[in-house]
Amino acid sequence: MRSRYDDEEAGRYVREAAAQGVDEVLALRTYTARLLGKDGALVLHGGGNTSVKTTATTLLGETIDVLRVKGSGWDLATIAPAGHPAVRLAPLHEARRLATMTDEDMVNLLRTNLLDASAPTPSVETLLHAYLPARYIDHTHADALLALADQPDGETLCRRVYGPGLVWVPYVMPGFALAKRCADAYDAHVRSGRPAEVIVLERHGIFTMGETAKASYERMILAVARAEEYISGKKPLAGTSCASPRSELEARLLPYLRGVLAKLSGAPSERGPVVAVRATERILAFLARPDAERLSSIGCATPDHVLRTKPTALFLRDLPVAEDRPGSPATTSLSDRIEQAVVGYASRYDAYFAEMCAAKSVSKTKMDPWPRVLLVPGVGVCGVGKTLDEARIVLDVYEHTIDVMTDAAAIGAYAPVSASDLFDVEYWSLEQAKLKKGADPMLGGAVAVVTGAASGIGLATAMRFVALGAHVLIVDRRADALRDVLGAMTRSAGSRVASCVADLVQPSEAQAAVSVACRTFGGVDVVVSNAGDAPEGDLGTEEGEARLRASLETNLLTHNHVARAALAVMKAQGRGGCLLFNASKAAWNPGPRFGPYAVAKAALLALMRQYAIDGGHWGLRSNAVNADRIRTALFAGGVAESRAAARGVEVDAYFRSNLLGREVLADDVAEAFVYLAGARATTGCVVTVDGGNAAAFPR
Ligand code: ZN
């Protein structure tokens, strides 16, 4: 690890901050906090904290000493000056006299001494920052340091690495007690005449200090580099990694994992968690180690990881992933094997909860017992979350946990914070507050594949699904248009939208698109099979018949290619599924010389019904939307003019000629797909979205 401090960049921070009325002290605090936050080997997703002691002027013009310390909810990687709210220092120092303080009293003390009443609550480690005298203080949970501090005798190891400049603080949970313990250890160390360069909190993390932002930051980097250097001398235990093509294994395995987790956690049908996988060389080598299962069942590398990963991961050994095919007898065994393992994990979690409550004589509300991390040798680490963002945070944390376990085992033995101490953090009211709770959006937990999504009805539907909380794979054969749509949708939906270019006329491309959904989100619940075209022609001619044949490919068989690929995934999940087809009023009320289109769309309705009949017994729902005259790309290239002429009206009138006399929009069709995606008692149904067309009333 090396310093990324750049004087020029620091200068830029100072100038930009000055333009916003922020002083140099806070500007440089912001700069080095971000430097720490940008390196996952130092801190992850809201972990770690930083501070600076400075002065502030009150409303009455009085200058007072304040601590500017990281506020809850800020991430060091993206922290702004407002992310270090100012707290009056004097009352914090006075409180050091107290023998004990509850967490609630501590939060109240911090909040009532904020200079800005609307500022975020200062970090739970604020008092520790306050009681250390240095101006700038940095705190991280660096991987390399944890490899030294998560040891049966971490103190000896750390003394070997850091020498007399080390202040060692035995494990105490964050809060008032830790702040006092740490400050007392620091004061005693300094009184004894030794330099205090590095403070290591046993099984937790590291603090460095300095009179400038640069000095404190560079001490952190130096301390972590020394830990890395110590570790690099010891070779990690080698393992053999699996050589089979992982993407195929992932696509096959994830729907089973997702289905079992959805079922056991009581998710409604057609909904489930997101399961994402990560497999680097280092991860695969770790999973191939003979002691990987044992190491992964010990505990978290630093206490606050427990909120992301639970105390332990679930190791899934010898799963028959490779030979499995949905519908084969082995499928049941794969699903059963996963279910047994997850149930076993949950009962161990329940036992841990009961045991801890009894041992501590406390009564707590138990959180769900389901694993967040599943380890599959040869495949990778699977992270589970309500959203892909959440699953990726789990993966980030666990990827670094693997680094810590690997290094700790190489230099000694991995011995992190105990189950009892982890329980205190997992069930600590202040840490629980970090996890946001809110009502699930209507399509939260649904993974949808929308075809023909680069424009028109497909695009409107994909946008509506995403707005309602679904994770959506948008599919289209037009690569450029799809790229633009993805860019625009990503700005609002972030990682909940992904794309795949596919020509669905090819069954293999439909299969590949569904595979991408599985590898990205863990499975598929809803298919909006929308892609198609609108060929005209007279069936009684050779040309008309050729167009009919082509239309059967684009407007009928493509739908089956997608449905078939999705069906295999839905069966693997075992949670039912929802097929939605974009039919057309042409299926009921064909227009003149529109045979190639109308015949294929009529067949599509038959296809929809057939799936409803054949799949109902295992929870598959199949429905269609019967839309008419939506101004989309389908009507481009003269088709609108030609269809209007065929009905003997102007183009605008053509689009409004329905019982309601209003033009029907792509958004109207999207709403119908949304409705059907939630209509759990509806299958084999056609929802009409055409403004009212008596000749096309379904009958
Ligand atoms: Zn910490």
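The values are calculated or read from the model by the stated rules, or taken from the named source; none is laboratory data. Predicted, not measured: the structure shown is a model, and the values here were computed from it. Methodologically, a virtual Cβ is constructed for each residue, glycine included, from the backbone with ideal geometry; neighbour enumeration extends over all protein chains shown. Side chains are part of the model used for accessible areas, which takes the heavy atoms of the whole protein and leaves out ligands, DNA and RNA. Shrake-Rupley method; radii C 1.70, N 1.55, O 1.52, S 1.80 Å.
The table for this structure:
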quantity: Odd one out for ARG643, checked against (1) under 17 Å from ALA534 (Cα atoms); (2) open to solvent by 60 Å² or more (accessible area, probe 1.4 Å); calculated: (2)
quantity: Answer from GLY40, GLY46 - the residue that is part of a loop (DSSP other than H, G, I, E, B) and out of contact with any Leu (no Cβ under 9 Å at 6 or more places or on another chain); calculated: GLY40
quantity: Residue within the range 17-31 that is in the same structural domain as THR112 (by TED's automatic domain parsing), among the hydroxyl-bearing types (Ser, Thr, Tyr) and at pLDDT below 90 present; calculated: no
quantity: The listed residue being more than 27 Å from the chain's Cα centre (by Cα), away from the ligand (no atom under 16 Å from the Cβ), over 21 Å from CYS518 (Cα atoms) and at pLDDT 95 or above, out of ALA313, ALA346, ALA351; calculated: ALA351
quantity: Given (1) on the phi < 0 side of the Ramachandran plot; (2) within 16 Å of the ligand (Cβ to nearest atom), index of the condition HIS45 fails; calculated: (1)
quantity: Enumerated helices (runs of 4 or more DSSP H) restricted to the range 457-575, each holding at least 2 residues that are without any contact (Cβ under 8 Å) to a residue 40 or more places away in the chain and not basic (Lys, Arg); calculated: 479-493, 507-521, 542-552
quantity: The one condition in (1) in a loop (DSSP other than H, G, I, E, B); (2) away from the ligand (no atom under 16 Å from the Cβ); (3) small (Gly, Ala, Ser); (4) closer than 18 Å to LEU114 by Cβ that GLY21 fails to fulfil; calculated: (4)
quantity: Condition broken by LEU60, with the remaining ones in (1) open to solvent by 50 Å² or more (accessible area, probe 1.4 Å); (2) over 36 Å from the mean Cα position of the chain (by Cα); (3) closer than 23 Å to THR212 by Cβ satisfied; calculated: (3)
quantity: Cβ pairs under 6 Å, 6+ apart, first in the range 124-149 and away from the ligand (no atom under 15 Å from the Cβ), second open to solvent by 10 Å² or more (accessible area, probe 1.4 Å) and assigned to a strand (DSSP E or B); calculated: ARG135/LYS53
quantity: Residue match in the range 86-103 (condition: at pLDDT below 95, within 21 Å of VAL425 (Cα to Cα), within 16 Å of the ligand (Cβ to nearest atom) and crowded, with 21+ Cβ neighbours inside 10 Å); calculated: no
quantity: Test: residue in the range 637-645 that is under 22 Å from ALA550 (Cβ atoms) and under 38 Å from the mean Cα position of the chain (by Cα); calculated: no
quantity: Selection count where residues are among the charged types (D, E, K, R) and within 12 Å of the ligand (Cβ to nearest atom), scope the range 286-309; calculated: 1
quantity: Residue within the range 612-624 that is assigned by TED's automatic domain parsing to the domain that holds GLU536, assigned to a helix (DSSP H, G or I), open to solvent by less than 30 Å² (accessible area, probe 1.4 Å) and modelled with pLDDT of 90 or more present; calculated: yes
quantity: Residue count, the range 48-76 (criterion: out of contact with any Ser or Thr (no Cβ under 7 Å at 6 or more places or on another chain) and more than 16 Å from the ligand (Cβ to nearest atom)); calculated: 9
quantity: Odd one out for ASP628, checked against (1) more than 19 Å from MET463 (Cβ to Cβ); (2) in contact with a helix residue (DSSP H, G or I) (Cβ under 8 Å, 6 or more places away or on another chain); (3) at pLDDT below 95; (4) open to solvent by 20 Å² or more (accessible area, probe 1.4 Å); calculated: (4)
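Residues checked against (1) over 21 Å from ASP667 (Cβ atoms); (2) in contact with an Asp or Glu (Cβ under 9 Å, 6 or more places away or on another chain):
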site	(1), (2)
MET463	no, yes
ARG496	no, yes
LEU539	yes, yes
LEU557	yes, no
